[in-house]
Amino acid sequence: MLQVKPRFSSFAEYLAYDDGSDRLYELFNGELIELPPESGLNVQIATFLLLKFAALLDYRRVRGHGLELEVRGEPKNRYPDLTILRPEHILLLTQRNTIRLSMAPPVLVVEVVSPGELQRERDYVAKRRQYEDLGIVEYWIIDPEAQTLLVLSLREGVYQEIGIFEGNSAVRSPQFPSLDLTLAELFSSTDA
C-alpha cells in the first residue's frame, strides 16, 4: 500500500494534523521532515539545565525538547533543547506545547550542538537568525565537542555576545543573574 505524505499550505493546517504518533516533525516547504531522536549526551545536558532552572523558577516555565516554536523561514518550526517560558505561556500552552508567532517569544532558548558540520551550522547560524527574528531575549549554544557555552543577548533586535564560557568559568546570564552554574559543573554532569 502506497502511503501519501501530507502537504501543508499553512502552519495552521500543519497544527491541525495528527498522525496518531508522538513523533516530532519540522515543516519544511510544506512537507513533514521527521526529527531523529536526540543523542543521549544532548538529553543529559538539557536535563541537567532543566533541573537547575526548575529549582530557580516556577518549574512550569521550564520546558524540554518537546516544546515547538513557530518561526519564519524554513523550516517553519523548531524544537529547542530547553526553553524558559514567560509566565503567560503556561496557560497558553495547556492545549498544545507550541509557541506561535502571534505570542510573545520565550525568555531563553538553549540548543545543544549535535556532532557534524550541518548541525553546527544549523545551531550557530540558521537557528540564531530565526531566534533573533522572533525576539527571543537570550540564546545559549552549548557545544559539547568544544566544551563551551556561548551566551547571546538581544540588544536593539540583534544578538550580542555576552561571552563564550569554558573550563571553570561561571556562566553569566543577563536574564538570570542569580543562576549559579559553572561550565565545569555542566559538563561534569555528562561524565559516566
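The values are calculated or read from the model by the stated rules, or taken from the named source; none is laboratory data. Quantities reported herein were computed from a predicted structural model and do not represent experimental measurements. Reconstructed Cβ throughout: ideal geometry from the backbone, glycine too, with neighbour counts over all protein chains shown. All accessible areas refer to the heavy atoms of the entire protein, side chains included, with ligands and DNA or RNA removed. Shrake-Rupley method; radii C 1.70, N 1.55, O 1.52, S 1.80 Å.
The order of H89, H65 by accessible area, most exposed first and with a 1.4 Å probe, is H65, H89. Summed over qualifying helices (DSSP H, 4 residues or more, each -39500 (n - 2.57)) and divided by its residue number, the chain shows a 222 nm mean residue ellipticity of -6500 deg cm²/dmol.
Accessible surface area normalised per residue over the chain is 53 Å², counting heavy atoms of protein chains with a 1.4 Å rolling probe.
Hydrodynamic radius of region 1-68 by the Kirkwood approach over all distinct alpha-carbon pairs: 14.6 Å. Sequence-ordered 3J(HN,Hα) estimates for region 111-116 from the Karplus curve with 6.51, -1.76 and 1.60 and θ = phi - 60° stand at 10, 9, 5, 7, x, x Hz, glycine and proline given as x. Applied to region 130-137, the Karplus parametrisation 6.51 cos²θ - 1.76 cosθ + 1.60 on θ = phi - 60° returns per-residue 3J(HN,Hα) values of 5, 5, 4, 4, 6, x, 5, 4 Hz, with x for Gly and Pro. Relative to the dominant Cα principal axis of the chain, helix 40-56 is inclined by about 70°. Less than 5 angstrom separates the built amide H of V171 from those of L181, T182, L183, all sequence-distant by 5 or more or on a different chain. Rolling a 1.4 angstrom probe over the chain with all protein chains present gives an accessible area of which 53% lies on carbon and sulfur atoms.
Taking the charge dipole of region 61-192 about its Cα centre, with +1 at Lys and Arg Cβ atoms and -1 at Asp and Glu Cβ atoms, the residue from L183, I142, P87 reaching farthest to the positive side is P87.
Largest GNM mean-square fluctuation among I33, I141, I164, using the chain with Cα springs under 10 Å: I33. Sparsely packed loop sites in region 6-111 (the trypsin sites (Lys or Arg not before Pro) outside DSSP H, G, I, E and B with at most 16 other Cβ atoms within 10 Å) comprise R23, R72, R96, R100. State which stretch of the chain is the longest one without any exposed GluC sites (Glu not before Pro), exposure meaning a DSSP loop state and at most 12 other Cβ atoms within 10 Å. It runs 1-87.
Along its principal axes, region 118-164 has C-alpha extents of 31, 22, 10 angstrom, given from the largest down. Per-residue 3J(HN,Hα) values for region 163-171, derived from phi via the Karplus relation 6.51 cos²θ - 1.76 cosθ + 1.60 with θ = phi - 60°, read x, 10, 9, 8, x, 8, 5, 7, 6 Hz in sequence order (x marks Gly and Pro). Annotation for S169 and R96: the two label points, set 7 Å from Cα along the Cα-Cβ direction, are 4.0 nm apart.
Taking amide H atoms as placed 1.01 Å from N in the peptide plane, the amide H of F165 lies under 5 Å from those of L149, L150, V151, each 5 or more residues away in sequence or on another chain. In this structure the amide hydrogen of T98, modeled in the peptide plane, comes within under 5 Å of the amide hydrogens of E68, none closer than 5 places in sequence on its chain.
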